[in-house]
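The values are calculated or read from the model by the stated rules, or taken from the named source; none is laboratory data. Bear in mind that the values here come from a model prediction, so they are computed numbers and not experimental data. Here the Cβ is made from the backbone with ideal geometry for all residues, glycine too, and neighbour counts use every protein chain on show. These accessible areas exclude ligands, DNA and RNA; they are computed on the full protein's heavy atoms, side chains included. Shrake-Rupley method; radii C 1.70, N 1.55, O 1.52, S 1.80 Å.
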Amino acid sequence: MGFSLMIHGGAGTIRDPQRYEASLRAIVTSGANLLAAGSSALDAVVHCVALLEDDPLYNAGRGSVLNAEGAALCDASIMDGRTLKAGAVAAVRGVRNPVRLAYEVMEKSGQALLVGEGAERFARERHLAFESEDYFRTRERVDQLTKAKRKRETALDHSESDDTIFGTVGAVARDASSDLAAATSTGGVVNQPVGRVGDSPIIGAGTFADNASCAVSCTGVGEDFIRTALARTASFFVEFRGMQAEEAAREAIRYLVDKVDGQGGLILVDRQGRCGRAHSTPGMLTATFVNGGIQVETT
Ligand code: ASP
């Protein structure tokens, strides 16, 4: 089997699915072209997640949801299934592509997770691009925060009670050499308290990759995914229970619901290049490139 690639744009109640379809298709196509030209799974997931971050439709990078103080603070992580190297950043401000910073942390810092000012300082040292606050804060996000504050709630981007339409992003890939990689990026949840960090930058919760099993990227209520170590749990099902991609994705979400009544979804590619997706929310935005064909799904 050749290469496979799957991306997601968040889970929840997707009110206007057609709004995302062209973007998801274009981004998965661009990633698939890279893989076809011989790029690694790692490069493909960075590329796709950076494109998703640049698109204000999604809750990552530009267009991230705003916290209780009206700031867009970003979290991201990446894992290399070949080496089990991982890098992550949390609560970073101003870095245009948090996933590129996570990659730099993995490759150049000697650490696995950097937060806040220290992560930003490291981004400067690595000459990553910065943007002004206005670049990240879109009109829709300001309105979304105002509404959440009025209702005194913290909410998932695609929550039932919310009619705005954006989401956390991620990508999983298997390249032509059968190496796996996963990456995830988010602005967190709407109106989150200062200092709150969800699952997206936590290896084993929001992101996991191991050539011995699969690559996983999650989205949903971060606390539920942290408490169940869900990305690692899904990979455990592949590695030690012999499940195929679709079954492992389904079983992991069943586990999330059984254990903590969790809300969210995940994407997964296994070492044979098979892809799986599952969610406990009404919908999830995904695009898959497998066996030469593209499939975009919004439910
Ligand atoms: N998992 C993210 C968090 O809890 C939110 C999301 O997936 O939309 O920070």
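Hey, which of the strands (runs of 3 or more DSSP E) in region 225-299, taking only ones fully inside, have at least 2 residues that are in contact (Cβ under 8 Å) with a residue 60 or more places away in the chain and either in contact with a Leu (Cβ under 8 Å, 6 or more places away or on another chain) or not β-branched (Val, Ile, Thr) (or both)?
On the way: elements: 264-270, 275-279, 283-290, 293-297.
Correct list: 264-270, 275-279, 283-290.
Quickly run through region 88-101 and pick out the residues that are part of a helix (DSSP H, G or I) and charged (D, E, K, R). Write out each step before concluding.
From region 88-101, those part of a helix (DSSP H, G or I) are 98-101; that's our starting set.
Scanning region 88-101 gives a single hit, Arg100.
Could you pull out the residue among Glu104, Glu140 that is within 16 Å of the ligand (Cβ to nearest atom), touching a residue at least 24 places away in the same chain (Cβ under 8 Å), touching a Phe, Trp or Tyr at 6+ places or on another chain (Cβ under 8 Å) and not in a strand (DSSP E or B)?
Just one listed residue meets the conditions, Glu140.
Would you point out which residue out of Asp224, Asp210 is farther than 27 Å from Asp43 by Cα and crowded, with 21+ Cβ neighbours inside 10 Å?
Working: Asp210 fails: farther than 27 Å from Asp43 by Cα.
The match here is Asp224.
Hey, can you tell me all the residues within region 192-213 that are within 11 Å of the ligand (Cβ to nearest atom) and either part of a loop (DSSP other than H, G, I, E, B) or more than 17 Å from the chain's Cα centre (by Cα) (or both)? Working first, answer last.
Going through region 192-213, the residues within 11 Å of the ligand (Cβ to nearest atom) turn out to be 192, 196-202, 205-207.
Those that are within 11 Å of the ligand (Cβ to nearest atom) and either part of a loop (DSSP other than H, G, I, E, B) or more than 17 Å from the chain's Cα centre (by Cα) (or both): Gln192, Arg196, Val197, Gly198, Asp199, Ser200, Pro201, Ile202, Ala205, Gly206.
Scan (1) touching a Leu at 6+ places or on another chain (Cβ under 7 Å); (2) assigned to a loop (DSSP other than H, G, I, E, B); (3) crowded, with 23+ Cβ neighbours inside 10 Å for the single condition Asn67 breaks and write down its number.
Of the numbered conditions (1) touching a Leu at 6+ places or on another chain (Cβ under 7 Å); (2) assigned to a loop (DSSP other than H, G, I, E, B); (3) crowded, with 23+ Cβ neighbours inside 10 Å, the odd one out for Asn67 is (3).
Which residue, of Val142, Val92, is closer than 13 Å to Leu66 by Cα, modelled with pLDDT of 95 or more and open to solvent by less than 60 Å² (accessible area, probe 1.4 Å)? Before you say what the answer is, go through the steps one by one.
Details: Val142 fails: modelled with pLDDT of 95 or more.
The conditions single out Val92.
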